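**Student:** Sharing a structure below in structure tokens format, with a few things to ask.
The values are calculated or read from the model by the stated rules, or taken from the named source; none is laboratory data. Since the structure is predicted, the reported quantities are computational estimates derived from the model, not experimental observations. All Cβ positions, even for glycine, are placed from backbone atoms using ideal geometry, and neighbour counts span all protein chains on display.
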Amino acid sequence: MKDVVIAGAGIHPFGRFDSDYRDMGEVAARGALADAGVGLSDVDIVLVANVGAEMAKGHNVVERIGRTGVPVINVEAACASSGSALFMAAQMVASGAAEVALCIGVEKAPRGFIAASGFEPWQIENGLGVNPLYFAIQAQELIAATDTTVEDLADVSVKNHRHAVHNPNAMYRQEVTREQVLASKAICPPLTLLMLCAPNEGAAAVVLMSRREAERRAVADAVALRGIGLVSRGPDDWFVPAASYQADRTSLSARAAALALDDAGIGIDDIDLVECQDTDAGSELVAYADLGLCKPGDEASLLRSGATALGGRIPVNPSGGLLSKGEPLGASGLGQVHELVTQVRGRAGARQVEGARTGLGHVMGAGHNSCVVVVQR
Amino acid sequence: MTHQTLYDDAAPGTATVLHVSTCDACGRSEFPRRRDCPACGSAVRDDRLSGPGRLRASTAVLAQPPGSRVEAPYLAGVAEFPGGLCVIGLLAHELPVGARVEVVVHEPYPGGRTFAFRETDLLGPPATC
Ligand SMILES: [Zn+2]
């Protein structure tokens, strides 16, 4: 990605609120604009990621900020919605089609199981249209193929909740113990309630600019958007809602990561911190190998070594991850980017990753899609 | 998509076959059936998957999902068939990972009809994993 920078980032905390999705989107968007030192009148294009709100949701958010006549495009790609919006915004700025792009992710998701994940009617009525069932299958396969244990799954949740204590934007900010995670309500064995993220509400936004525009405006503290990769289903990938898959399956996340790192012109060893799609505890462990943080089979060892905890070699989800923040589907990816930007700017306070300069964000969503983004100070 | 396109219908408890499509160019099978191979684009032929397969994952749904007419708790898992196709389905009874399974017509709720996996002592081709 040539000469595209994140000039500003904003967030509305993730949790449960009385406010409308418009209110949350507005807070995040105004935050990003203020951080970048621009107004809506400076923006050439607005991309809005959301899954479930209503028609013209992005337009309804922008209406709260101003009527500049700017083009507004709504983007939906399940949990990768805001990665997809960011991908489009970045391509537009890189190509010169826009100098300033505002990218907003916002969601007000209902409680409980996520419905309408793309399952066919026969899957739904026969009880197979259940996202956690898929995550449970993935976790069981990981346990069968490696030395990963149920205790390791619990420890992912323990680690991320410990991180979230220091994140004012997270929904759950209390530490949990391995015993509490294991004793929480069983949902789909081996996964318990505290090993699964809760769909919730929130928003995040960034302002992208060409480097030239950022320099012209003397934007302080711009962060380079070094690389981005976006993929959909390949021949042997599997995710929600596919009813079948090949025994030797491949990884969407691995391909998205390879594209993003190649785009950035760096290797995974150059990454200082990762925000990954911990929809469930098993998904974080699977991501370790998919993203190249370890070899397949070494996921649990990497976790047990402490490398992925704050203070470790490659902290994963210093924000607390989706397990602690909750997952407002359309906002989760930009929430990660907000965290990465905060970290590489050295403004993360008690959860600061020391010396953080380069960060990687990873989302993966129903319908088979994954986006990986690399940012650098 | 009606259930007739997924498997041969019969009385609940009867052994059955899954309706899959198989690509002779790349060797992949797909369930449910496809018009052509999503992996390589070649023509496919209708195929019937009888197994036995090997249970690759065994779990359960313990909280009631939206839209499901099956009442939680219930069992579900993944059967891997010779050739490498893995199919997600209900389990007719509790089964450990590694169990040898066949496909059976199943009544998951009163009046409902779908396929499920149950243990078999039939010897089929060796499972691949
Ligand atoms: Zn083929």
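**Student:** Please work out if residue B:104 is more than 10 Å from chain A (Cβ to nearest Cβ), more than 16 Å from the ligand (Cβ to nearest atom), within 22 Å of residue A:130 (Cβ to Cβ) and touching a strand residue (DSSP E or B) at 6+ places or on another chain (Cβ under 7 Å).
**Tutor:** When the stated conditions are applied, residue B:104 passes them.
**Student:** Can you confirm whether residue B:49 is modelled with pLDDT under 95, within 26 Å of residue A:144 (Cβ to Cβ) and more than 9 Å from every other protein chain (Cβ to nearest Cβ)?
**Tutor:** The answer is yes for residue B:49.
**Student:** Of all residues being in a strand (DSSP E or B) and within 16 Å of residue A:124 (Cα to Cα) in segment B:66-90, which is farthest from the other protein chains (Cβ to nearest Cβ)? Just the residue, please.
**Tutor:** The residue in question is B:75.
**Student:** I would also like to ask the following. It is to be established whether one or more residues within segment A:42-56 are assigned to a strand (DSSP E or B), among the β-branched types (Val, Ile, Thr) and over 21 Å from residue A:339 (Cβ atoms).
**Tutor:** yes
**Student:** Take the conditions hydroxyl-bearing (Ser, Thr, Tyr), in contact with a helix residue (DSSP H, G or I) (Cβ under 6 Å, 6 or more places away or on another chain) and surrounded by fewer than 24 Cβ atoms within 10 Å (Cβ to Cβ) and apply them to residue A:342. Does it pass?
**Tutor:** No, not satisfied.
**Student:** Further, regarding this structure: For residue B:111, indicate whether it is more than 16 Å from the ligand (Cβ to nearest atom), in a loop (DSSP other than H, G, I, E, B) and away from chain A (no Cβ under 13 Å).
**Tutor:** Considered against the rule, which asks whether it is more than 16 Å from the ligand (Cβ to nearest atom), in a loop (DSSP other than H, G, I, E, B) and away from chain A (no Cβ under 13 Å), residue B:111 comes out as no.
**Student:** Restricting to segment A:101-122, what's the tally of residues that are buried (at least 24 other Cβ atoms within 10 Å of the Cβ) and over 24 Å from residue A:326 (Cα atoms)?
**Tutor:** 1
**Student:** Restricting attention to segment B:2-21, does a residue exist that is modelled with pLDDT of 95 or more, within 16 Å of the ligand (Cβ to nearest atom) and not basic (Lys, Arg)?
**Tutor:** Taking every residue of segment B:2-21 in turn, at least one turns out to be modelled with pLDDT of 95 or more, within 16 Å of the ligand (Cβ to nearest atom) and not basic (Lys, Arg).
**Student:** Go over the candidates A:321, A:367, A:355, A:311 one by one and state the one that is of a type in the set (Gly, Ala, Ser) and in contact with a helix residue (DSSP H, G or I) (Cβ under 9 Å, 6 or more places away or on another chain).
**Tutor:** The unique qualifying residue is A:321.
**Student:** Mind listing whichever residues of segment A:181-224 are charged (D, E, K, R) and more than 14 Å from chain B (Cβ to nearest Cβ)?
**Tutor:** A:201, A:211, A:212, A:213, A:215, A:216, A:217, A:221
**Student:** Something else about it: When you go through B:35, B:28, B:69, B:54 one by one, which is the residue that is modelled with pLDDT of 95 or more and within 16 Å of the ligand (Cβ to nearest atom)?
**Tutor:** When all the criteria are applied, what remains is B:28.
**Student:** Another question about this same structure. Could you please let me know if residue A:133 is within 25 Å of residue B:65 (Cβ to Cβ), within 14 Å of another protein chain (Cβ to nearest Cβ), more than 20 Å from the chain's Cα centre (by Cα) and free of Cβ contacts under 8 Å to residues at least 60 places away in the same chain?
**Tutor:** Against the criterion (within 25 Å of residue B:65 (Cβ to Cβ), within 14 Å of another protein chain (Cβ to nearest Cβ), more than 20 Å from the chain's Cα centre (by Cα) and free of Cβ contacts under 8 Å to residues at least 60 places away in the same chain), residue A:133 qualifies.
**Student:** Before we move on, is residue B:68 more than 18 Å from residue A:244 (Cα to Cα) and out of contact with any strand residue (DSSP E or B) (no Cβ under 6 Å at 6 or more places or on another chain)?
**Tutor:** yes
**Student:** Could you list all residues from segment B:23-59 that are assigned to a strand (DSSP E or B) and touching a residue at least 60 places away in the same chain (Cβ under 8 Å)?
**Tutor:** B:53, B:54, B:55, B:56
**Student:** Also, I was wondering about something else. Among residues belonging to segment A:81-121 that are closer than 24 Å to residue A:216 by Cβ and assigned to a loop (DSSP other than H, G, I, E, B), point out the one that is nearest to the other protein chains (Cβ to nearest Cβ).
**Tutor:** Only one residue tops the list, namely A:97.
**Student:** Look at residue A:136 and say whether it is closer than 30 Å to residue B:33 by Cβ and crowded, with 22+ Cβ neighbours inside 10 Å.
**Tutor:** yes
**Student:** Give A:151, A:141 a once-over and let me know the one that is at the interface with chain B (Cβ under 9 Å from one of its Cβ atoms) and either farther than 23 Å from residue A:199 by Cα or among the basic types (Lys, Arg) (or both).
**Tutor:** Residue meeting the stated conditions: A:141.
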